[in-house]
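Peer 1: Just dropping this structure here.
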Amino acid sequence: MQNIKAYNTLSRKLEDFTPLNGKKVNMYVCGPTVYNLIHLGNARPLCVFDCIRRYLIHAGYDVNYITNFTDVDDKIIRKANEENVKASEISEKYIVEFFKDSDGLGVMRSSVYPKVTENMDAIIALVAKLVDKGFAYENEGDVYFSALKFDGYGKLSHMPIDDLSSGARVDVSEKKREPLDFALWKAAKPGEPSWDSPWGKGRPGWHIECSTMSEKYAGDTLDIHGGGQDLMFPHHENEVAQSEAATGKPLAKYWLHNGFLNIDNTKMSKSLGNFFTVRDVAEKYGYDAIRFFLISAHYRNPVNYTDKLIESAKASLERMKTCREALEMAVANAASSSEKISEEVENFTAKAKQDFDSAMAFDFNTADAIASIFELVTSVNILLTKQTANKNELLKCAAVFDELTGILGLDLRDNGSEKIPKEVTDLAEARTAAKKEKNFSLADELREKIKILGYNIEDTRQGVKITKI
Ligand SMILES: [Zn+2]
């Protein structure tokens, strides 16, 4: 295992990765505002920080991974009012949808998913602390953070205060003193959900939730704070100001930001008609192609999405899958023996592991890590054509293959891009149970139902095999 280096946005330098508490890593990645299906831009931080997390686990770290859900927000409230339902109905619905996409993309579940509505007391306590310390002020039920009172404001985005200030927008409805000041608490407006606070009824501003939740679930200082580059200013800059003003300690030791995702070299936006939800793209190309596409670039580089590029990513992934399947078949057909693993196989598997590790240890370079897996694919394909490999060699290749692809969250043994729907697997289980009870007419009926849903069911020696018709 090599020493890990990470590029820290705060210092703008590549630094040795040394967590604060030995093998424990507290990692916070800003989560979604749950009012809609997530889009391709949201999928990028999900996948890249999942790879970083998996690699750290592989490197022996115990990772506490925190993702928040913003479940009170203007967009949620607007949508709820349009649909004449409660804001919580909207957020709950889209949390369920979020998990469908996040699980589909092969993202490990976070250790915790705190919600704003479930952490209101802690949020109010932090706002009150900032008011007490003189970093925030109240004005007609709103509470604002005085950005200029915090020494070091702008240190994360590396922008001079004057530049930040001239770019800041002051909405006429806001009651703040300076353009860079930002809301910690907003007084209740008619038709909005609200909570009691020392400043009257209201709801939190956006940034304060992340400061509150990172402190609650990881203490004063995180090891890693991650998120998209688009969140660096103002969101992350404001998180730094709030947390550090409150605790006097750094909010995070390492700040990691992923690059932008463009569509056909332009910014994705609804008005340009180039807005893609993960769900839409998954239906066309499969979730695993999206994941593979997104991690094929270094996380800090911009990614350009086009149909052609995702098709080519899908084809590359297929090449990996085909190799892994051929390996599986060769293992199944090889006789067990105590034959030794040849030097050739030892060498190319060791090289793949070493190259992979070097790539990931050097600022989590998934692009180079994937290249090392393709070298392994080439070597395995040559080995399989020669038909000289013994079972131990094949098993060794398969184990290394699975280890490396697993760190990138790619499941190559899951043939086809689509997961079998739960409805189908439930029916299949019911059919197996019916067969056990010798209720063959029910079993046949269930097989027909599965067929109607577009799947074939076959009994093999290894168990039930479900395939798409
Ligand atoms: Zn955040």
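Peer 1: Quick one: 3J(HN,Hα) in Hz for region 124-131, Karplus 6.51/-1.76/1.60 with θ = phi - 60°, rounded, Gly and Pro as x.
Peer 2: Values, residue by residue: 4, 4, 5, 4, 4, 4, 5, 5 Hz.
Peer 1: With both bridge residues required to lie in the chain, what share of the DSSP beta bridges run antiparallel, to the nearest 5%?
Peer 2: So the antiparallel bridges in the chain amount to around 55 percent.
Peer 1: Amide H neighbours of residue 33 under 5 Å, counting only residues 5+ apart in sequence or on other chains, H built in-plane at 1.01 Å?
Peer 2: Counting only residues 5 or more places away or on other chains, the set is 70.
Peer 1: Something else now. Step through the residues of region 241-253 one at a time and calculate ³J(HN,Hα) from phi using the Karplus curve (6.51 cos²θ - 1.76 cosθ + 1.60, θ = phi - 60°), rounding each to whole Hz and writing x for Gly and Pro.
Peer 2: Coupling constants for region 241-253: 4, 4, 5, 6, 5, 6, 9, x, 10, x, 6, 8, 6 Hz.
Peer 1: Between residue 378 and residue 96, what FRET efficiency follows from the Cβ-Cβ distance if R0 is 41 Å, with the result rounded to 0.05?
Peer 2: That gives a FRET efficiency of 0.45.
Peer 1: With all protein chains present, how much of the accessible area of region 1-93 (probe radius 1.4 Å) comes from carbon and sulfur, to the nearest whole percent? Walk me through the intermediate numbers first.
Peer 2: Working: 1740 of 3930 Å².
Of the solvent-accessible surface of region 1-93, carbon and sulfur hold 44 percent.
Peer 1: Taking all pairs of distinct Cα atoms, average 1/r, flip it, and tell me the Kirkwood hydrodynamic radius of the chain in Å to one decimal place. Show your work: numbers first, answer last.
Peer 2: Working: mean 1/r = 0.0401 Å⁻¹.
This gives a value of 24.9 Å.
Peer 1: Putting +1 on Lys and Arg Cβ atoms and -1 on Asp and Glu Cβ atoms, find which of 276, 336, 372 reaches farthest to the positive end of the dipole of the chain.
Peer 2: 336
Peer 1: While we're on this one: Between rounded, prolate and oblate, where does region 422-468 land on the alpha carbon gyration tensor, with a ≥ b ≥ c its root eigenvalues, rounded for a/c under 1.5, else prolate if a/b exceeds b/c? All intermediate terms of the calculation are to be shown ahead of the outcome.
Peer 2: Working: a/c = 1.74, a/b = 1.20, b/c = 1.46.
It comes out oblate by the Cα gyration axes.
Peer 1: Moving on. Evaluate the distance, in nm, between pseudo-label points positioned 7 Å from the Cα of residue 14 and of residue 344 along their respective Cα→Cβ axes.
Peer 2: Calculated label separation equals 3.5 nm.
Peer 1: Quick query: amide H of residue 222 versus all other amide H atoms, modeled in the peptide plane; which residues come in under 5 Å with a sequence gap of 5 or more or a different chain?
Peer 2: 252, 253
Peer 1: Same structure again: Hey, what number do you get for the chain at 222 nm if only DSSP H runs of n ≥ 4 count, each worth -39500 (n - 2.57), divided across all residues, to the nearest 500? Walk me through the intermediate numbers first.
Peer 2: Values: 15 runs with 218 residues, N = 469.
After summing the helix terms and dividing by residue count, I get -15000 deg cm²/dmol.
Peer 1: May I pose another question? Quick one: dipole size for region 422-468, taken about the Cα centre, charges +1 on Lys/Arg Cβ and -1 on Asp/Glu Cβ, in debye to the nearest 20. Display every interim value, and only then the final one.
Peer 2: On the way: 11 positive and 9 negative charges, 32 e Å.
My answer is approximately 160 debye.
Peer 1: On to the next question. Sequence-distant or interchain residues sharing an amide H contact under 5 Å with residue 303, placed H: which?
Peer 2: Counting only residues 5 or more places away or on other chains, the set is 260, 261, 262.
Peer 1: Sticking with this structure for a sec: Once you sort the root eigenvalues of the Cα gyration tensor of region 50-109 as a ≥ b ≥ c, which label holds: rounded (a/c under 1.5), prolate (a/b larger than b/c) or oblate (the other case)? Write out the running numbers ahead of the final one.
Peer 2: On the way: a/c = 4.54, a/b = 2.78, b/c = 1.63.
Cα axes put region 50-109 in the prolate bin.
Peer 1: Heads up, I need the accessible area for residue 394: 1.4 angstrom probe, whole protein in place, Å², nearest 10.
Peer 2: Estimated to the nearest 10 Å², residue 394 gives 10 Å².
Peer 1: Something else about it: Would you work out which of 326, 90, 199 lies farthest towards the positive end of the dipole of the chain, given +1 charges on the beta-carbon of Lys and Arg and -1 on that of Asp and Glu, about the Cα centre?
Peer 2: 326
Peer 1: Now, a different point. I need the phi-derived Karplus couplings for region 303-320: 6.51 cos²θ - 1.76 cosθ + 1.60, θ = phi - 60°, integer Hz, Gly and Pro marked x.
Peer 2: Ordered by residue, 3J(HN,Hα) equals 10, 10, 9, 9, 4, 4, 5, 6, 4, 5, 5, 4, 5, 5, 4, 4, 5, 5 Hz.
Peer 1: If I model a spin label as a point 7 Å beyond the Cα along the Cα-Cβ vector, how far apart are those points for residue 318 and residue 1 in nm?
Peer 2: 3.8 nm
Peer 1: Within the set 115/267; 23/155; 86/270; 284/396; 93/308, which residue pairs have Cα atoms separated by over 31 Å? Mind dumping the intermediate values first?
Peer 2: Values: 115/267 29 Å; 23/155 28 Å; 86/270 25 Å; 284/396 35 Å; 93/308 33 Å.
Going by Cα-Cα distance, 284/396; 93/308 fall outside the 31 Å limit.
Peer 1: Which one of 389, 219, 32 has its Cα pushed farthest toward the positive end of the charge dipole of the chain, where Lys and Arg give +1 and Asp and Glu give -1 at the Cβ?
Peer 2: Positive-most Cα among the choices belongs to 389.
Peer 1: How many angstrom lie between the C-alpha centres of region 240-307 and region 316-372?
Peer 2: So the two Cα centres are separated by 29 Å.
Peer 1: OK, next. Percent of accessible area on region 189-284 owned by carbon and sulfur, 1.4 Å probe? Each step should come with its number before you reach the end.
Peer 2: On the way: 2100 of 3920 Å².
C and S fraction of accessible area: 54 percent.
Peer 1: Could you report the chain's accessible area per residue, 1.4 Å probe, as an integer in Å²? Write down the numbers at each step before the final one.
Peer 2: On the way: 22300 Å² over 469 residues.
In whole numbers, the chain has 48 Å² accessible per residue.
Peer 1: Could I ask something else about it? What is the distance, in nm, between label points placed 7 Å from the Cα along the Cα-to-Cβ direction at residue 158 and at residue 420?
Peer 2: For residue 158 paired with residue 420, the spin-label model returns 5.1 nm.
Peer 1: If the only charges are +1 at each Lys and Arg Cβ and -1 at each Asp and Glu Cβ, what is the size of the charge dipole of the chain around the Cα centre, to the nearest 20 debye?
Peer 2: Numbers: 61 positive and 70 negative charges, 114 e Å.
In debye, rounded to 20, the chain gives about 540.
The values are calculated or read from the model by the stated rules, or taken from the named source; none is laboratory data. Please read all numbers here as calculations on a predicted model, not as lab measurements. So basically every Cβ, Gly included, is an ideal-geometry build from the backbone, and we count neighbours across all protein chains shown. In case anyone asks, the SASA skips ligands and DNA or RNA and just uses the protein heavy atoms, side chains included. Shrake-Rupley method; radii C 1.70, N 1.55, O 1.52, S 1.80 Å.
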